[in-house]
Amino acid sequence: MVALLWLVVGVLIIFSVGYLSYSKYLAGFVGLDEDAETPAHKYEDGQEYVPAKKPVLLGHHYSSIAGGAPIVGPITAGLLWGWLPAVLWIAIGNPLMGAVHDFVSLSASLKHEGRSIGYIIGEYVGDEGKNLLLWFAFLTIILVVAVFAFVVGLVFQKYPSAATASILYIGLALLFGVYLYQLDLPFVPGTVVFVALVFVSVFVGMRFPIQLSQQTWIPIILLYSLIASVLPVWTLLQPRDYLSSFLLYAGVGGALIAVIVGTIFATSSQPLVTNIPAFTSFGGNQTLGTFSPLFPMLFVTIACGTISGFHSLVSSGTTSKQLNKETDARMIGYGGMLGEGLLATLSLCAVAVVGVTASDAAGGVGLALPKFAQGGGIFLSSLGIPVSFGAPFMALVMVSFLLTSTDTALRLGRYLFEEIVGTPETQVQEATSNRYVNSFGQCVVAYVLIASGTWTPLWQLFGSANQLLAALALLTGTVWLANWSEKKQLLSTGVPMALMSVVTVCALVYLEYYQNLYQGLILGNTQSAAWSLALQVVIGTILIVLALLLLRKGVANVREARGKQPAATDGGVEE
């Protein structure tokens with residue numbers, strides 16, 4: 001057994017060194033200028049381009065990127081291969097790959113008028129490359145919406161008090177948006193009052209839980225996400241994410257502090273030590289019923305928390321349109337990803353302290369979510385908080401991450417499809433690019449994927465697509481830097497891009513051709529429907545082809561750019 005304190009302290013030290021040194025270097029490397037006019041000010045429209053104070057935007061960004069994946073992924077990986085491979089991938093991969101990915105995606109969008117990574121790649125490799133990336137990202141977004149809506153429904157079913165509290169703080173966020181942007185009242189006093197009311201909603205939720213089944217919650221969540229995704233960002237997105245960020249900081253920060261306090265003073269309800277092996281085997285923990293090779297599956301099982309392509313869509317889709325100053329990108333982009341790495345570490349510690357029982361053979365998301373809440377409740381008991389309160393509170397913390405990611409993903413999917421359609425030239429294009437039709441269509445497809453009942457393959461496909469999207473976002477950053485100046489080094493983005501490209505293509509080949517096609521369709525060793533497996537194989541194949549075509553175009557552009565004058569010496573598009 002190893003004290004969880006060493007895992008937490010080790011990660012904190014590595015992350016602190018990364019932020020104080022590497023992020024500072026990157027900020028100068030991409031030329032962030034505090035006095036430069038950001039897209040939020042240049043194109044302020046009260047709808048999408050709205051300057052936000054740094055703490056407000058950090059709250060939105062952190063809440064949006066930190067969904068269910070940094071909870072489910074590390075817990076699943078810890079159970080399969082042990083805590084050591086999981087914590088090493090988080091501690092090393094996050095500051096050198098994930099935080100770089102988020103920061104460069106945000107900075108590139110900032111230097112290109114707040115445009116998406118699809119637009120940016122199109123500036124350098126042409127419309128075909130742009131469309132390849134946009135379609136890849138759009139397909140990934142639908143998987144994100146489906147996965148997160150499924151998980152939110154499960155959390156609400158298992159912890160009804162979290163459902164009540166979530167509804168209450170959404171209402172508070174709407175009022176806070178009016179308070180800030182319509183009435184223009186003082187920021188700090190409003191923050192104090194509304195944050196206090198958010199915490200009051202936790203107690204109200206425990207007194208008046210809303211008990212519905214997961215199947216009932218899922219369409220409600222999709223409907224909420226549809227409405228939230230079409231509202232102006234100041235109405236709900238900014239104020240809600242800012243308010244919920246205090247809940248998230250309290251949960252994540254409080255649990256990390258509780259691990260330290262509980263270890264030193266032995267005040268927790270049980271010893272805070274690892275109750276799972278440091279390493280099981282290359283093929284994973286066989287008692288969970290499946291063979292899963294550490295390479296490449298570890299690196300797609302833990303997606304968010306280490307590196308996540310979804311973050312590039314948040315960074316270039318909503319966050320870049322709200323930056324008040326260019327220099328805010330360092331804390332929000334790089335620092336925000338480190339914050340998610342702490343959540344992943346906390347999730348791994350949660351399953352490590354709870355351990356594995358005979359009833360855990362079912363595995364999957366249904367195992368991961370209760371482990372997080374249960375372990376978090378044990379942590380908070382170190383601070384004198386009863387486990388009976390701490391576990392539901394951590395469930396609310398978890399669902400706060402999930403809700404913001406779900407409707408942000410739907411909004412991003414709308415942006416992406418609007419870019420794919422371009423300027424409508426026909427009635428069909430005009431109808432499909434309509435924000436309401438667009439968002440509704442995404443919800444329908446997501447619901448069909450959930451209703452198929454094939455959760456495990458859907459989660460694995462999501463993880464692989466998400467990580468491959470990260471490789472393509474890093475490719476976009478590398479292409480931008482190569483065309484900006486011949487003096488720009490490309491190792492910071494190029495090495496992570498190459499590693500993630502190899503890992504994720506291998507994972508998709510293993511999942512779709514060995515596991516789904518050979519084991520599932522040919523041998524029949526599965527409980528999933530044949531049509532569902534066939535659909536997953538088709539989607540996986542499309543994703544591989546799209547990615548390889550775009551990687552080929554991007555690498556060719558980098559080689560060409562290094563042999564000629566840069567296309568844009570200011571780091572952005574030519575005027």
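The values are calculated or read from the model by the stated rules, or taken from the named source; none is laboratory data. Model, not experiment: these values are computed from the prediction. Methodologically, a virtual Cβ is constructed for each residue, glycine included, from the backbone with ideal geometry; neighbour enumeration extends over all protein chains shown. Keep in mind that these areas ignore ligands, DNA and RNA; they rest on the heavy atoms of the full protein, side chains included. Shrake-Rupley method; radii C 1.70, N 1.55, O 1.52, S 1.80 Å.
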Please indicate, with yes or no, whether at least one residue in segment 80-90 is open to solvent by less than 10 Å² (accessible area, probe 1.4 Å), under 20 Å from the mean Cα position of the chain (by Cα) and within 17 Å of residue 319 (Cβ to Cβ).
no
Among the residues of segment 132-155, is any within 20 Å of residue 415 (Cα to Cα), of a type outside the set (Asp, Glu) and part of a loop (DSSP other than H, G, I, E, B)?
no
I need the full set of residues from segment 401-445 which are in a helix (DSSP H, G or I), of a type in the set (S, T, N, Q) and more than 20 Å from the chain's Cα centre (by Cα), in order please.
427, 429, 432, 438
What pairs can you find where one residue is in segment 179-190 and more than 13 Å from residue 56 (Cα to Cα), the other is among the small types (Gly, Ala, Ser) and assigned to a helix (DSSP H, G or I), and their Cβ atoms are less than 9 Å apart, with a gap of 6+ or different chains?
179/190
For residues in segment 486-523 being among the polar types (S, T, N, Q) and open to solvent by less than 30 Å² (accessible area, probe 1.4 Å), which is farthest from residue 539 (Cα to Cα)?
492
Out of (1) open to solvent by 20 Å² or more (accessible area, probe 1.4 Å); (2) within 28 Å of residue 383 (Cβ to Cβ), what's the single condition that is false for residue 262?
(1)
Report whether or not residue 366 is assigned to a helix (DSSP H, G or I) and modelled with pLDDT under 90.
yes
Just one listed residue, out of 175, 197, is open to solvent by 60 Å² or more (accessible area, probe 1.4 Å), over 22 Å from the mean Cα position of the chain (by Cα), more than 26 Å from residue 45 (Cβ to Cβ) and in contact (Cβ under 8 Å) with a residue 12 or more places away in the chain, and it is 197
Would you mind finding the one in 235, 267 that is touching a residue at least 24 places away in the same chain (Cβ under 8 Å), within 26 Å of the chain's Cα centre (by Cα), surrounded by 14 or more Cβ atoms within 10 Å (Cβ to Cβ) and in a loop (DSSP other than H, G, I, E, B)?
235
The helices (runs of 4 or more DSSP H) lying entirely within segment 1-80 that contain at least 3 residues which are modelled with pLDDT of 95 or more are 4-17, 23-29
What residue, among those in segment 174-224 that are part of a helix (DSSP H, G or I) and hydroxyl-bearing (Ser, Thr, Tyr), is nearest to residue 158 (Cα to Cα)?
216
Can you pull out every residue in segment 543-559 that is of a type in the set (Val, Ile, Thr) and either more than 25 Å from the chain's Cα centre (by Cα) or surrounded by 14 or more Cβ atoms within 10 Å (Cβ to Cβ) (or both)?
544, 555, 558
Condition check: aromatic (Phe, Trp, Tyr) and under 20 Å from the mean Cα position of the chain (by Cα). Does residue 15 satisfy that?
yes
State all residues of segment 21-48 that are farther than 30 Å from residue 418 by Cβ, open to solvent by less than 70 Å² (accessible area, probe 1.4 Å) and charged (D, E, K, R); if no residue qualifies, say none.
none
Can you pull out every residue in segment 386-401 that is modelled with pLDDT of 85 or more and not hydrophobic (A, V, I, L, M, F, W, C)?
386, 390
Test each condition in (1) of a type in the set (Gly, Ala, Ser); (2) out of contact with any Pro (no Cβ under 9 Å at 6 or more places or on another chain); (3) crowded, with 19+ Cβ neighbours inside 10 Å; (4) free of Cβ contacts under 8 Å to residues at least 24 places away in the same chain for residue 540 and report the one that comes out false.
(4)
Among residues of segment 381-433 being within 30 Å of residue 198 (Cα to Cα) and of a type in the set (Ser, Thr, Tyr), the residue most open to solvent (accessible area, probe 1.4 Å) is 388
